[in-house]
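Below you'll find the structure, written out as C-alpha cells, and then a few comments.
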Amino acid sequence: AVYPSEPDFTLIRLPTTLRMPKFASAFRVTHRFTRSLAQGNFGDLLADGFGTDGGAQIGLEYRFGIMSGTQIGVNRTSDKTIQFFGQQQVLRQVEGSPLGLDVILSIEGQDNFQEIYSPAVGAVVSRKIGTHGALYVQPIWVGNTNSFDAVAGDDVTISDDNDTFILGLGGRFRIRPKLYLVAEGAPRFGYDPGITYASFGVEMRAGGHSFQINFSNGFGTTMAQMARGGYTKDDWYLGFNITRKFF
C-alpha cells in the first residue's frame, strides 16, 4: 500500500518514518551535479546544460526490512564513502498516538570504509497531515565529522570540535495526487564548517517509483557529509533522486 503523505524513506537526504515491511526492500540512486548554478553568467550555465555537463557525486543505496518496522541498509557514494545504517520504528502515528518515532544508527568510512569513521545516532519524529503531507524533526548526533583533524594526525589540533549535532527539519507537501513539494534543512551545533545545509525539490510518484529533482547548497548525501554543511550561500547544485520500492 502507498501512503500518500509519506511515499518515500527520505525527504531529500534526511530520513522519514516510512515503515519497511518484513523482507521488503528498496533501491535508491542519488545524483548531485558538482557545478554550481551560480558559476559564470546565464549564458555559461546554458552552455553547460544547466550544470549537467560537469562532474557529479553519485550514491547507490539498498535497504532491506529484516522484520516489520526494522530496516538496514548500505549506501556508497562515488567519492568512495560507504555508510551502513539501521532504523527501528518505535511509535506509529495511529489513533491514540499523534506522532511517529523512529531511532536511527549509522556508521560511515571514507576510502571504501578504510579510514575516518563517522558514527551517527538520532531520532526521526514525524507528524502526518492527513493525506496532504508530513512534517519532520530529526535530532541527530554525528561523530568525527572534522576530517581535517583526522588527516592531520594526533600531533596537530586544528579545531576543538570533532562532532556535530544536527537538528534536521523538513516536510513533504502533496499538491497533486502524485506530485509533491519537498524541503529540508539541518541547523548544526559543534563542528559546523561552511553554511547550514538546505535543499528543496519537486517529486513525482509513479507506482513503486519516486522521481525527484532537487536543489541543494551542497552535494553530500551521507550523515557526515551533510553534517559538514553547504559551501556558500550563493552556490546551489542541481540533483535528482530515484527510488524503487520492491513491495
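The accessible surface of the chain, taken with every protein chain in place and a 1.4 Å probe, is 64 percent carbon and sulfur. For the range 48-123, the relative contact order works out to 21 percent when only alpha carbon pairs closer than 8 Å and six or more residues apart are counted. What is the chain by shape, rounded, prolate or oblate, if you read a ≥ b ≥ c off the alpha carbon gyration tensor as root eigenvalues and call it rounded for a/c under 1.5, prolate for a/b larger than b/c, and oblate otherwise? Oblate shape, in that a/c is at least 1.5 and b/c is the bigger or equal ratio. Per-residue SASA remark: residue 132, around 120 Å² accessible (1.4 Å probe; ligands, DNA and RNA not included).
The mean sequence distance of close C-alpha pairs (under 8 Å, at least 6 residues apart), as a share of the length of the chain, puts its relative contact order at 20 percent. The residues of the range 49-124 present an accessible area of 49 Å² per residue when probed at 1.4 Å with all protein chains retained.
The candidates 137, 182, arranged from most to least accessible area with a 1.4 Å probe in the full protein assembly, appear as 137, 182.
Cβ under 11 Å from residue 193's Cβ, residue 193 left aside: what net charge do those residues give with Lys, Arg +1 and Asp, Glu -1? That works out to 0.
Only lysine pairs 8 or more places apart, or on different chains, with alpha-carbon atoms under 21 angstrom apart are counted in the chain, and they number 4.
The values are calculated or read from the model by the stated rules, or taken from the named source; none is laboratory data. Only a predicted model underlies this, so the values are computations on that prediction, with no experimental measurement involved. Positions of Cβ are generated from backbone atoms using ideal geometry, with glycine treated the same way; all protein chains shown enter the neighbour counts. These area figures cover heavy atoms from the full protein model, side chains too; ligands, DNA and RNA do not enter into them. Shrake-Rupley method; radii C 1.70, N 1.55, O 1.52, S 1.80 Å.
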